[in-house]
Amino acid sequence: MDFNTILVEKDQFLAEVTINRPTKLNALNKETIKELQQVFKALEKDKKTKVVILTGSGEKAFVAGADISEFANFSVKKGEALAEKGQELLFNFIENMKTPVIAAVNGFALGGGLELAMACHFRVASDNAKMGLPEVSLGVIPGYGGTQRLPQLIGKGRSMELIMTAGMIDAPKALSYGLVNYVVTQEELLPLCRKIAGRIINNSSVAIGQAIKAVNAGFNTTLDGYATEIKAFGKCFGTADFREGTTAFLEKRKANFPGK
Ligand code: COA
């Protein structure tokens, strides 16, 4: 696959996707959103890819938001369609992927950029990262799931303040809020993400996919998280990964999961 705005590198079971518009601070324009949709769809299907790391190009930004120049003259209908399609085809898609996606937040993650990082399964930040949802300063609100995922991650009161003030928080504050799991230097960011990815890759990808589904169900008001967990738990018993994992344990050896 050839892309203009993103770079994709694969190394064994790990795929790294880099949003590559550094002169525009990796702002999400139409083309970038489309290319991200295509690549994540392909990675989800790719049996070999067991973890994805998503980051931004350059030293300044993960993603500085949706490309403001593209929606400045949208109508009510077009605005609604932008949010609806974006949520469905990219942000919700990533959140519900059975392949874990780690956001390596290497600088500004604002608006759609923070929403993208929040759609990933968890986040690691570099110490220069700054995060916020500044949409109300433009007369609009977060539309790619930000009003829902930010409160899930940091609580309602903090989210209300961050959204209303259109403010930014730095990496240590994001860490103390639980918005990111670790803060390291820029040089250490990708190595740490790769190290965590390596630990994930050793485990059953089928079980991880079921765990993601069960965790997400608890945040979906139309689903019953506990009931989803019961079904997902049961499903694991019919997998080759479960047979291998339990057999390896009983034989006192390291499991070699077939991923099915
Ligand atoms: N959409 C479109 N272009 C963007 C952008 C966005 N969200 N964020 C940054 N850019 C572009 C700038 O227009 C500029 O392009 P130019 O060089 O052609 O003029 C380039 O990226 C560099 O940005 P600049 O503003 O010069 O960098 P800075 O270091 O002075 O400021 C920010 C960095 C992140 C504080 C600032 O770019 C900003 O506030 N961006 C918008 C953030 C936002 O509101 N996002 C939510 C959108 S819904």
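Sort 123-131, 193-201, 208-216 by packing, meaning the average of other beta carbons within 10 Å per residue, with the highest value first.
Sorting 123-131, 193-201, 208-216 by mean packing, highest first, produces 123-131, 208-216, 193-201.
Among Asn29, Asn96, Asn181, which one moves the most in a GNM of the chain with springs linking Cα atoms closer than 10 Å?
Result: Asn181 has the largest fluctuation of those listed.
Among residues other than Ala125 whose Cβ falls under 15 Å from its Cβ, what is the net charge (Lys/Arg +1, Asp/Glu -1)?
The answer is -1.
Per residue, what accessible area does the chain have, given a 1.4 Å probe and all protein chains present, in Å²?
I get 54 Å² per residue for the chain.
Ranked from highest to lowest mean number of other Cβ atoms within 10 Å per residue, what is the order of the peptides 246-258, 151-163?
151-163, 246-258
Using Stokes-Einstein with the Kirkwood hydrodynamic radius over Cα pairs, what translational diffusion coefficient do you get for segment 39-155 at 10 °C and a viscosity of 1.306 mPa s, in µm²/s rounded to a whole number?
Once the numbers are plugged in, D ends up at 108 µm²/s.
Please compute the Kirkwood hydrodynamic radius of segment 205-250 from all pairs of different C-alpha atoms, in Å with one decimal.
For segment 205-250, inverting the mean 1/r across all distinct Cα pairs yields 11.1 Å.
Taking only the Cα atoms of the chain, how large is their convex hull per residue, in Å³?
Residue-normalised Cα hull volume stands at 134 Å³.
Loop-only check: which GluC sites (Glu not before Pro) in segment 52-126 are DSSP coil with at most 11 other Cβ within 10 angstrom?
Taking segment 52-126 and a limit of 11 other Cβ atoms within 10 Å, the loop GluC sites (Glu not before Pro) found are Glu59.
Consider a paramagnetic label point 7 Å from the Cα of Glu88 along Cα→Cβ; state which residues of segment 11-52 have an amide N under 16 Å from it.
Residues passing the 16 Å test: 34, 37-38.
Quick one: net charge of Lys47's neighbours, Cβ under 15 Å, K/R +1, D/E -1?
So the surrounding residues net to +4.
Which lysines, on any chain, are close to Lys77 with Cα under 23 Å apart, when same-chain ones fewer than 8 places away are left out?
Those lysines meeting the cut-off are Lys30, Lys34, Lys85.
Put Met164, Met118 in order of accessible area, largest first, 1.4 Å probe: what do you get?
Met164, Met118
Kindly express, to the nearest 10 degrees and within the range 0 to 90, the angle between helix 156-165's C-alpha long axis and the longest C-alpha principal axis of the chain.
30 degrees
Please report how far the C-alpha centroid of segment 1-60 lies from that of segment 152-221, rounded to the nearest whole angstrom.
The two parts, judged by their Cα centres, are 18 Å apart.
Going by alpha carbons, how many degrees (0 to 90, nearest 10) lie between the helix axis of 225-236 and the longest principal axis of the chain?
For 225-236 against the chain, the angle is about 40 degrees.
Which lysines does Lys235 reach when only Cα atoms under 17 Å apart count, and residues fewer than 8 places away in its own chain are ignored?
Lys98, Lys213, Lys260
In percent, how large is the relative contact order of segment 205-250, given Cα pairs closer than 8 Å and 6 or more residues apart?
Worked out over segment 205-250, it gives 35 percent.
Can you tell me the length gained on complete extension of the stretch Arg253 to Glu80, counting 0.36 nm per residue apart and subtracting the Cα distance?
Contour length minus Cα-Cα distance gives 56.9 nm.
May I ask for the net charge around Val140, where only other residues with Cβ less than 15 Å from the Cβ of Val140 are counted and Lys, Arg are +1 while Asp, Glu are -1?
Around Val140, the charge tally is -4.
Return the single residue from Tyr226, Tyr177, Tyr144 with maximal mean-square fluctuation; model: Gaussian network over the chain, springs between Cα atoms under 10 Å.
Among Tyr226, Tyr177, Tyr144, the largest GNM mean-square fluctuation belongs to Tyr226.
Please give the FRET efficiency for Arg243 paired with Tyr182, using the beta carbon to beta carbon distance and R0 = 45 Å, rounded to the nearest 0.05.
E(calc), rounded to 0.05, equals 0.85.
Sort Thr147, Thr221 by accessible area with a 1.4 Å probe, largest first.
The most accessible residue leads, giving Thr221, Thr147.
Which sequence of Leu223, Leu192, Leu133 reflects their accessible areas, 1.4 Å probe, from the largest down?
Leu223, Leu192, Leu133
Choose one of Phe242, Val136, Ile6: the residue whose Cα lies farthest towards the positive end of the charge dipole of the chain (beta-carbon charges +1 Lys, Arg; -1 Asp, Glu; about the Cα centre).
Phe242
What part of the accessible area of segment 110-205, given as a whole %, is carbon or sulfur when the probe is 1.4 angstrom?
Within segment 110-205, the accessible surface is 55 percent carbon and sulfur.
Which of Lys45/Lys78; Lys50/Lys231; Lys10/Lys60 have a Cα-Cα distance over 27 Å?
Over 27 Å Cα-Cα: Lys45/Lys78.
For the chain, what is the charge dipole size about the Cα centre, in debye to the nearest 20, if Lys and Arg each add +1 at the Cβ and Asp and Glu each add -1 at the Cβ?
My answer is approximately 740 debye.
Got a sec? Charge dipole of the chain, +1 on Cβ for Lys and Arg, -1 for Asp and Glu; which of Ile53, Leu43, Ile200 is way out at the positive end?
Working it through, the farthest residue towards the positive pole turns out to be Ile200.
For the chain, calculate the relative contact order in percent as a whole number, restricting contacts to Cα pairs under 8 Å that are 6 or more residues apart.
Rounded, it is 15 percent for the chain.
The values are calculated or read from the model by the stated rules, or taken from the named source; none is laboratory data. Computed from a prediction, not measured in an experiment: that's the story for all the values here. Don't worry about glycine lacking a Cβ; one is built from the backbone with ideal geometry, like all the others, and counts go over all protein chains shown. SASA here: full protein model, heavy atoms, side chains in, ligands and nucleic acids out. Shrake-Rupley method; radii C 1.70, N 1.55, O 1.52, S 1.80 Å.
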